[in-house]
Structures are given as C-alpha cells and as structure tokens.
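Chemist: My questions will all concern the structure given below.
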Amino acid sequence: MVVLSWKKTLEHKASVSNLRRKVRWGETIIQGLLFFSGFFSIFITLGIVYELGKEALLFFQMPEVNLLATLTTTEWKPHIGKFGIWPLLNATLMTTLIAMLIAIPLGMAVAIYLSEYAKPRVRNTLKPILEVLAGIPTIVYGYFALTFMTPLLREIFGRDVVQIYNTASAGLVMGILILPLITSMTEDALSAVPRALREAAYGMGATKLEVALQIVVPAALSGIAAAIIVGISRAIGETMIVAVAAGAGPNFTLNPFEGAETLTGHIVRISGGDLSYDSIDYNSIFALGLFLFLVTLTLNIISQAIVRRFREVYE
Amino acid sequence: MKEKVVVEGFADNLDARNRKGMIWHVLFQASTVIGIIALIALMLNIINGAFGYVAYEARVDPDTLAVDGVPLTDQSKDQLVALLQSTLSSGAYNKLENDKPFADRSREEVYQLVLERIVRPEVVQVWNLWPSLTQADEIRTTLAKEHPEAELDFVSWLSTDFVSRPQTSEPFTAGVRTAILGSLWTILFTILLAFPIGVGAAIYLEEYASDTWLNRLIQTNINNLAGVPSIVYGILGLAIFVRTLEPLTSGEVFGLVDPTTANGRTVLSAGLTLGLLVLPIIIINAQEAIRAVPRSLRNASFGVGATKWQTVWSHVLPNAMPGILTGTILAISRAIGETAPLVVVGASTAISFDPSSPFSKFTTLPIQIYQWTSRPQDEFRSLAAATILVLLILLLSLNASAVLLRNRFSRKY
C-alpha cells in the first residue's frame with residue numbers, strides 16, 4: 001500500500017511540476033514579437049542619427065565645406081562655395097520669435113480664461129474650436145499666409161515696405177498655428193493645480209484675477225515653461241508655412257518685411273528639384289536636417305526635464 | 001444699533017483691484033475672440049478663393065471645330081481623335097498614344113485633351129467670390145472695354161468634375177482625382193506599417209514591460225520622437241526608403257518597375273515614411289487606451305486560468321479597441337495633411353495618371369495644394385483653394401467619425 005501511494009505521489013508530483021514548468025512557445029514568440037515592436041522605435045531614432053550623421057559627415061568632408069565657416073559666416077551660396085548657416089538660421093529664429101510673440105501671450109490668456117473664468121458651456125464650445133485649429137494642415141495655413149496675411153500687411157504698412165514674400169506674415173500665421181498647442185498644454189498645467197489653493201486664496205480675500213495670476217500661474221509654472229519650449233520646438237521645425245510665404249532665397253536680414261528662407265524652407269526647396277545623389281546640395285540637406293533634429297530633440301528633453309524637476313506636487 | 005466692523009487697510013484699494021480684475025477679464029476674453037476670428041478668417045478666405053468669375057479667351061474658337069454641323073461638344077470619340085491627329089504634330093500625338101493608348105481612353109478624357117491642346121482657353125483674369133458677388137456689373141464693363149474677345153463665366157472651382165478629373169497643367173481641365181487616389185494609396189501603406197507595430201509596442205509597454213532602464217529608454221524615446229519635425233522624417237525616408245532600399249521600393253525585386261521612372265520615389269516609400277511619422281502618435285494613444293481598461297478585468301481573466309496573451313487578446317484589446325481606433329484615425333488625419341516629408345521623398349510634380357500599384361509615382365492632396373499655391377498665376381490660387389476645401393472636407397469627416405467612435409463606445413466602469 002505504501003509503495004503504491006508513494007508511486008502515485010511521484011506521478012502526481014511529476015505531473016504538477018510539468019504543469020508549472022510547461023514552456024508555452026506561443027507565448028514566448030508573441031512576447032518576442034511585441035518586444036520587437038517596442039524596440040522598433042529605437043531603430044527609428046538610431047536610423048535618424050546614423051543616416052543624417054553619415055551624410056552630414058560626407059558634407060563636412062567635402063573640400064569646399066569647413067565646419068567653422070559654416071557656423072560663423074553669413075552667406076549661403078552653394079554654387080560659389082559659401083556655406084554659412086546664419087542666413088537660414090536667422091530666418092528661422094525670426095519667424096520663431098514673431099510666432100512666439102503671438103502664441104505665448106494669446107495662448108496663455110486663452111488658457112487662463114478657459115481654466116479660471118469660463119463657464120462649462122463656454123468651455124465645451126471653445127475646446128472643439130481649438131482642436132479644429134490644431135488639426136488644420138500646415139499647408140492650408142501657408143495658403144492663408146500668402147493670400148490673406150501678406151495682402152493685409154501690405155495694406156497696413158504699404159506696398160513698398162512689405163515684400164510679397166516676407167517673414168512677418170509667415171511668423172504671424174505660425175503663431176496662430178502654435179496657439180492651440182500652447183493653450184492646451186498650459187490649460188492642463190493650470191487644471192492640475194488643486195482647488196484647495198484657490199479656495200484658500202479666496203478665503204483670504206483675493207479677487208479672481210489675483211488668484212489666477214498670483215496663485216495658480218506660479219504654481220503651474222513648470223508646465224507653462226514646458227508648453228512654451230514645446231511651442232518653440234514646433235516653430236523651429238515648421239516647414240510649409242515658411243516654404244510658401246517666407247521666401248525662396250537665403251537672405252541675412254533683420255527686416256521682417258523682406259523675404260528670407262528658413263532652414264526648413266531651404267530643405268524643401270532643394271529636395272523639390274532634381275537631386276543627384278552625392279551632390280553637394282544633397283549632402284547639405286542632411287547636415288541641415290541633423291542640425292534641426294538635434295536642436296528640437298534638445299528642446300524637448302529640456303522641457304521634460306523642467307517638468308520632472310520643478311513640478312510642484314501637492315497631494 | 002449694530003456697528004459695522006471695518007478692518008483697517010483691508011478694503012482700501014478693493015475698488016482698484018476689482019477694476020483691474022475686470023480689465024484683465026476683458027483682455028482674456030478678447031484673446032479668445034481673436035483666436036475664433038482667426039479661424040473664421042481662414043475659412044472665409046478659402047471659400048472666397050474657390051468660387052468666382054473667370055474671364056478667358058479661347059485660342060481657337062470651338063465653333064470653328066464643328067464637323068458637318070455637329071458642334072464640338074457632341075462629336076463622337078473617333079471624330080475627336082481624328083481632330084487631335086490632324087491638328088497636333090506627329091511627335092505630340094505619338095507621345096499621347098504612348099502614355100495611354102487612345103483606345104483605352106474614354107470619350108471624356110479625349111474631349112478634355114481636345115480642350116487642353118487645341119481650344120486652349122487662356123485665363124485673362126480671375127476674381128474671388130466677394131468681388132464677384134458685389135461688383136459684377138463693374139467687372140463686366142471693364143472686361144468689355146479691355147478684353148472684348150473674352151468670355152465671362154461664373155466658375156465654381158470646387159465641383160464634382162473637379163474631384164473626378166485627373167490632374168493636368170491647364171487650369172480649366174485640372175482635377176484632383178490623381179491626388180486623392182495618391183493620398184489614399186499612401187495612407188494604406190502608412191496604416192499597414194504603423195498600426196501593427198504601434199499597437200504591438202503599446203501592448204508591450206503596458207502589459208509586458210517591467211521597469212528596467214531599457215523599457216524606460218523606449219518610453220522616453222517614443223515621447224521624443226513625437227516631437228521631431230516632420231521634415232526630418234522626410235529626410236530619413238529619402239535616405240532609407242528611396243535610396244538604400246531602392247530595389248525594394250521601386251519594385252525591381254518584384255519585377256514590377258514603373259517604366260517611366262524606375263527609382264525609389266514611389267507610393268510605397270511615401271507610405272512607409274509617413275508610417276514612421278505617425279508611429280509615436282499611435283503608440284501613445286494606444287497606450288492610453290490600454291491603460292484605461294481596469295485591472296479587475298485582467299485579474300478576472302487570470303483567475304479563470306488564462307495566459308497573459310490570452311488575456312490581452314480576448315479581454316484587454318477588445319475593450320481598448322475604440323480608443324485605439326480613435327488614436328489611429330487621429331494619426332491618419334495627421335498623415336493626410338503632411339506635405340514636407342513627401343516633398344523630400346519625391347512626390348511627382350506633373351503626373352496625370354492614377355497610381356496603379358505600390359511602385360508607381362504619386363502625388364497627394366497637400367502636395368497638389370503646395371504646387372498650385374506656388375504658381376504666380378491667380379487661376380492656380382483658385383484651384384488651390386478648391387483643393388483645400390476637398391482636403392478639409394475629408395479631414396472633417398475623419399475627425400467626426402473619430403469623435404462619434406469616442407462617444408459611442410466610451411463606457412464607464
């Protein structure tokens with residue numbers, strides 16, 4: 001009897017341990033596939049860095065191109081061998097500055113209005129409008145800049161002052177493009193401030209404005225800073241509005257009413273024509289693209305770091 | 001008798017503070033109004049450009065082309081083909097025959113060719129909708145004085161013909177059918193690439209990934225990729241899909257090369273490039289959808305003995321699918337509107353034939369808008385405005401379906 005039950009116990013133990021240690025190949029394969037999908041995004045980043053870096057290296061190794069000269073001179077004329085990046089960079093900075101001058105004050109004002117002042121019914125009508133503004137393709141904004149904003153500026157400031165292609169109208173329309181982005185991120189940050197802070201301020205006799213500007217905004221400052229940096233990053237990378245409305249030739253000028261090509265507009269114009277591989281124009285695209293990628297990546301990392309380090313956690 | 005208690009120094013400047021508050025309140029409201037005005041100006045500007053009077057002169061009067069008393073509009077296809085053959089040079093006629101044999105073309109297409117090559121209406125002037133409606137008489141009188149030969153027509157640049165005609169270089173016969181089909185073919189490949197990988201990555205990050213440095217790196221990387229400018233994706237696509245993978249994307253490997261181009265600037269490259277672009281969007285949205293499925297559902301499934309994948313496939317995914325689909329539709333909307341990456345990858349500038357395979361040349365709606373906007377003549381601006389309306393209608397229906405999906409299937413647990 002004892003031997004029989006001992007055998008049964010062994011069998012039982014064996015079958016139970018088989019069940020526990022059963023390797024399910026299907027599960028492992030699927031898990032591997034899913035891991036690959038997750039890892040795929042790393043390939044994309046590596047691909048960007050590798051491909052852009054490789055061709056950019058080719059660009060800088062060409063005899064006519066000198067890294068120091070690229071970063072310091074102010075003429076971009078490839079056919080005579082001048083590769084100063086400043087005309088393009090300057091135009092990018094100017095359009096970004098004009099866009100931010102519009103988007104930051106208006107965006108924050110709309111966000112403060114939505115989160116502090118607006119009744120729920122108004123909020124529910126305004127938020128879809130903002131979403132619509134954010135969803136319009138950028139080429140439509142480009143058309144708007146060329147056919148509405150530029151004639152408007154020419155009416156206001158005079159046809160001699162404002163050229164047909166100018167960075168001002170591109171910058172203004174870019175501001176309208178970025179406004180919903182800043183508004184939604186700022187509004188998220190403002191809503192995250194707990195009601196208790198506001199109520200405490202009201203309890204001490206503050207007016208609505210004082211609560212909004214002196215209590216809520218400082219508390220949400222990290223989110224607001226992140227929103228502004230993301231907006232700047234978006235403005236730097238914006239292509240179609242400037243390609244259509246800002247101008248088709250590199251031009252180092254501080255006058256916003258003159259046409260000037262930005263980094264992104266230049267890339268689009270060069271690649272729209274017939275490109276032979278390994279020509280100097282082709283390689284210059286990669287150098288400029290790498291520069292853009294590094295700048296926007298740095299800005300995005302900074303914005304995430306700001307939120308992580310300076311976000312005030314209350315509850 | 002009750003005395004009013006007044007605290008010293010408290011209510012001194014209350015009026016000033018309240019006034020300041022009201023001023024700022026008005027400023028905040030004004031900012032909101034400015035945003036709404038910008039949107040309305042945008043829409044009105046586009047509608048203004050898409051309709052209006054056109055004055056045009058025909059190089060050859062269509063009436064002189066009547067054969068045996070049958071006017072041009074009623075002639076049969078053979079008569080029209082004969083007309084083309086007799087009027088065009090043999091080189092031009094043969095090129096048309098090579099592009100697409102006349103036997104394959106419909107009568108409509110041949111008629112359009114006759115208009116385009118022989119009658120050749122030339123636009124003299126274009127007016128927008130607002131001047132057309134308010135100054136119609138002045139326009140007529142000035143036109144009669146300056147261009148007595150010209151005809152005046154009220155043209156609605158956006159019409160059913162516009163949507164169904166292929167692209168041509170003449171403003172009157174141009175249509176966006178090529179562009180619409182190009183957009184649809186491109187989006188097909190975008191979704192084929194981005195949806196499986198995106199949902200797979202989201203499932204991995206939410207269900208399987210533990211908190212190691214690698215998984216945190218993957219998550220950070222995805223968040224950063226969402227912020228990369230779209231033109232960088234275009235450059236990446238140019239380097240990888242168009243150049244390095246040229247045998248694959250041009251169809252050499254499959255023996256299906258398009259005889260006129262034989263390079264990597266095909267619909268496939270465009271779709272794959274956009275797929276890379278929208279991948280982070282799909283991943284982030286799918287992650288949120290999967291996260292919203294309550295743990296209790298998963299635990300209940302484990303409780304009846306399901307494996308992890310069985311749980312994900314039968315319980316988590318079906319419940320998260322509406323959210324995932326909404327995210328996918330948003331990604332499609334983003335991809336349809338993208339111009340810059342496709343210009344870099346190499347959309348064709350002059351193409352009048354519908355894409356017939358993954359390896360054909362292509363153009364898309366935003367690229368069409370870009371090209372027409374860049375031309376200096378006014379009539380192309382009107383065409384661009386009409387194309388923008390087509391694009392916006394397409395996007396509006398997509399977004400409306402996304403909102404409907406979201407509202408119908410959002411269940412509260």
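The values are calculated or read from the model by the stated rules, or taken from the named source; none is laboratory data. What you see is a predicted model; the values in this text were computed from it and never measured. Note that each Cβ is placed from the backbone with ideal geometry, even for glycine, and that neighbours are counted across all protein chains shown. Please note that ligands, DNA and RNA were not included when accessible areas were found on the heavy atoms of the full protein model with its side chains. Shrake-Rupley method; radii C 1.70, N 1.55, O 1.52, S 1.80 Å.
Chemist: If one takes the accessible area of chain B alone plus chain A alone and subtracts that of the pair, with a 1.4 Å probe, what total in Å², rounded to the nearest 100, results? Could the numbers behind the result be given before it?
Modeler: Working: alone 23530 and 18860 Å², together 35850 Å².
What B and A bury together is about 6500 Å².
Chemist: Just name one of A:Met62, A:Phe144, A:Leu97: the one whose Cα is farthest towards the positive end of the charge dipole of region A:39-151 (beta-carbon charges, Lys/Arg +1, Asp/Glu -1).
Modeler: A:Phe144
Chemist: For a label point 7 angstrom out from the Cα of B:Asp153 toward its Cβ, which stretches of region B:45-59 have the backbone nitrogen within less than 15 Å?
Modeler: B:51-59, by backbone N distance to the label point.
Chemist: Mind counting lysine pairs for me in chain A? Cα separation below 23 Å, and the two need to be 8 or more apart along the chain or on different chains.
Modeler: 8
Chemist: Compute log10 of I(q)/I(0) for region B:295-337 with the Debye formula, placing one identical point scatterer on every Cα and leaving out solvent, at q = 0.23, 0.32 Å⁻¹, to two decimals.
Modeler: -0.71, -1.00
Chemist: Which of the residues in region A:44-90 show a loss of at least 20 Å² in accessible area from their chain by itself to the complete set of protein chains, at a probe of 1.4 Å?
Modeler: With the partner chains in place, region A:44-90 has these residues losing at least 20 Å²: A:Ile44, A:Thr45, A:Ile48, A:Glu51, A:Leu52.
Chemist: Okay, next question. Take chain A, connect every pair of alpha-carbon atoms lying under 10 Å apart with a spring to form a Gaussian network, then pick out the residue of A:Leu172, A:Leu181, A:Leu33 with the largest mean-square fluctuation.
Modeler: A:Leu33
Chemist: Something else: Normalised by the number of residues in region A:35-175, what is the relative contact order in percent for Cα pairs under 8 Å and 6+ residues apart?
Modeler: It comes to 22 percent, rounded to a whole number.
Chemist: Taking every residue in B:200-208, how many Cβ atoms of other protein chains lie within 10 Å of its Cβ, on average?
Modeler: Partner-chain Cβ atoms within 10 Å, mean over residues of B:200-208: 5.
Chemist: Another one. Counting only other chains, what is the mean number of Cβ atoms within 10 angstrom of the Cβ of each residue in peptide A:106-112?
Modeler: Mean number of neighbouring Cβ atoms from other chains: 5.
Chemist: Moving on to the next point. Quick one: go through region B:373-413 and flag any residue whose amide nitrogen is under 11 Å from the point 7 Å out along the Cα-to-Cβ line of B:Leu297.
Modeler: The answer is B:410-413.
Chemist: From largest to smallest, what semi-axes in whole angstrom does chain B give when each is the square root of 5 times an eigenvalue of its alpha carbon gyration tensor?
Modeler: Each semi-axis is √(5λ); the values are 51, 37, 18 Å.
Chemist: Let me ask another. For a bin width of 20 Å, list the pair-distance distribution of the protein assembly as shown built from all Cα-Cα distances, rounded to whole %.
Modeler: 14, 42, 30, 10, 3, 0, 0
Chemist: Going toward the positive end of the dipole of region A:157-263, with +1 on Lys and Arg Cβ and -1 on Asp and Glu Cβ, which of A:Gly158, A:Thr239, A:Ile182 do you reach last?
Modeler: Positive-end residue among those listed: A:Ile182.
Chemist: Whole Å is fine, so just give me how far the alpha carbon centre of region B:137-187 lies from that of region B:329-359.
Modeler: 22 Å
Chemist: With +1 assigned to the C-beta of every Lys and Arg and -1 to the C-beta of every Asp and Glu, and no other charges, what is the dipole magnitude of chain B about the Cα centre in debye, to the nearest 20? Present the calculation step by step, with values, prior to reporting the outcome.
Modeler: Values: 32 positive and 36 negative charges, 473 e Å.
Dipole about the Cα centre, nearest 20: 2280 debye.
Chemist: Just flag the GluC sites (Glu not before Pro) in region A:60-136 sitting in loop per DSSP whose Cβ has no more than 12 other Cβ atoms within 10 Å.
Modeler: A:Glu64
Chemist: Would you mind giving the mean number of other chain beta-carbons within 10 Å of the Cβ of each residue in B:329-340, as a whole number?
Modeler: 3
Chemist: Of the chymotrypsin sites (Phe, Trp or Tyr not before Pro) in region A:228-315, which ones lie in a loop per DSSP and count no more than 16 other C-beta atoms within 10 Å?
Modeler: Answer in residue order: A:Phe252, A:Tyr277, A:Tyr314.
Chemist: Could you compute how fast chain A diffuses translationally, taking Rh as the Kirkwood radius over C-alpha pairs and applying Stokes-Einstein at 20 °C with viscosity 1.002 mPa s? Give it in µm² per second.
Modeler: 91 µm²/s
Chemist: In region A:235-267, which residues become less accessible by 10 Å² or more once every protein chain is in place, relative to the chain on its own, using a 1.4 Å probe?
Modeler: The answer is A:Gly237, A:Thr239, A:Met240, A:Ala243, A:Val244, A:Ile267.
Chemist: Mind listing the long-range amide H neighbours of B:Tyr53? Cut-off is under 5 Å, sequence gap 5 or more, other chains count too, H placed in the peptide plane at 1.01 Å from N.
Modeler: B:Trp127, B:Ser132, B:Val155
Chemist: Same structure, new question: Report the far tail of the P(r) of region A:159-308, meaning the percent of Cα-Cα pairs longer than 21 Å.
Modeler: 59 percent
Chemist: Rounded to the nearest 20 Debye, what is the dipole magnitude of region B:49-123 about its Cα centre when Lys and Arg each give +1 and Asp and Glu each give -1 at the C-beta?
Modeler: I would put it at about 220 debye.
Chemist: Among B:Phe51, B:Thr363, B:Leu245, whose Cα projects farthest towards the positive end of the dipole of chain B, with charges put on the beta-carbon of Lys, Arg (+1) and Asp, Glu (-1)?
Modeler: The residue sitting farthest along the positive end of the dipole is B:Leu245.
Chemist: Provide, for chain B, the number of lysine pairs with alpha carbons under 20 Å apart, each pair being eight or more places apart or on different chains.
Modeler: Lysine pairs meeting both conditions in chain B amount to 4.
Chemist: Do any trypsin sites (Lys or Arg not before Pro) in region B:333-413 lie in a loop, going by DSSP, with at most 14 other beta-carbon atoms within 10 Å of their beta carbon, and if so which?
Modeler: Those satisfying the criteria are B:Arg411, B:Lys412.
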